[in-house]
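Here's the structure we're looking at; comments come further down.
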Amino acid sequence: MSPLYYNKKNIMAVNVNTVYTTVLYILNKEQRGYITPQEFNSIAAQVQNEIFQSYFPDGNQLNRPNQNNQQNDTEFFNMFKDTAYKLYPFEQDIAFTYVGGNTAWQNNTANVIYKLGQIISTYNTTNVNNPRLDSITQLTSKKDFELISRSKLTAPTNQYPICYTTNNASSLIIRVSPKPDILTINCLTVPTNPIWGFQVGGVGQYVYLPGTSTDFELDVSEQTNIITQVLKYCGIIINDPTIIQTAEQEAMSVSQNEKS
């Protein structure tokens, strides 16, 4: 899926300490107040989630020129690819575990799944030349799953399996017919919440602890956007509308420049 010139290992994240210290510097410079680490961590999680969610409508909008053959595709200046590139760190092939009691497959990893991509059911075969059959699995509703499974003409096979999803209290559940030996799904996972870890110093100051901190998982190109969005929420907390207006104007300017 990823273009050849993208390398996931080289994707840089946004340092949480850089964002927090920049926000504090701007607030202190303008004498506009202060936000605690706890407040910042809550705001940071909200901002990262909002930016992550924005990639999907933005991607749809930016893909229209591609569909109409109007997109100028150069190596580093294709806005649709740039938006898709920002999602690559969250793309994973996740192996699901079969739970006999549920007669279904379950995600037991720590990753919270946001979207399902291609679903691959693997069946062991007796063919020595091709001991594995990897079949793309059609995702259906539960109602269609039951209808298709009961029909002799459309009943799923190892070559054409089908599945549907449900949820329990802690994870995603997938039922597949026929039952495969291995189930692997290409998924988009939810980014981990950023945390500015700290300890309280001798005079009551907050001291940054990198070992207990978690950086933003968004691409480094989002740093300015993150800072302006955090400042917007800071304006709400300290009840300063001028900060909100300034941050919103800056965020709008960044968004327009990215899409123009």
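Please treat every number below as a calculation from the coordinates, not as lab data. If you're wondering where the values come from, they're calculated on a predicted model, not measured in any experiment. Backbone-built Cβ (ideal geometry, glycine too); neighbour counts: all protein chains shown.
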Per-residue HN-Hα couplings for segment 196-203 [Karplus 6.51, -1.76, 1.60; θ = phi - 60°; Hz; x = Gly/Pro]: 8, x, 7, 10, 8, x, x, 10
For segment 124-215, which trypsin sites (Lys or Arg not before Pro) are in a loop by DSSP, counting at most 14 other Cβ atoms within 10 Å? Lys152
Amide H neighbours of Asn111 at under 5 Å, excluding residues fewer than 5 places away on the same chain, with H built from the backbone geometry, are none
Amide H proximity to Ser213 below 5 Å, modelled H, separation 5+ or other chain, gives Gly197
Residues whose built amide H sits under 5 Å from the amide H of Ile173, excluding neighbours closer than 5 in sequence, are Thr166, Asn167, Asn168
Backbone HN-Hα couplings from phi across segment 211-216 [Karplus 6.51/-1.76/1.60, Hz, Gly and Pro as x]: x, 10, 9, 10, 6, 4
Please compute the length gained on full extension between Leu139 and Ile182, using 0.36 nm multiplied by the number of residues separating them and subtracting their Cα-Cα distance. 13.8 nm
How would you classify segment 125-177 from its alpha-carbon gyration tensor, with a ≥ b ≥ c the square roots of the eigenvalues: rounded for a/c under 1.5, else prolate if a/b is greater than b/c, otherwise oblate? oblate
Apply the Karplus curve 6.51 cos²θ - 1.76 cosθ + 1.60, θ = phi - 60°, to the phi angles in segment 137-150 and return the couplings in whole Hz, x for Gly and Pro. 9, 7, 8, 10, 6, 4, 4, 5, 4, 5, 5, 5, 5, 7
Within 12 Å, Cβ to Cβ, of Trp105, how many net charges do the neighbouring residues add up to if Lys/Arg are +1 and Asp/Glu are -1? +1
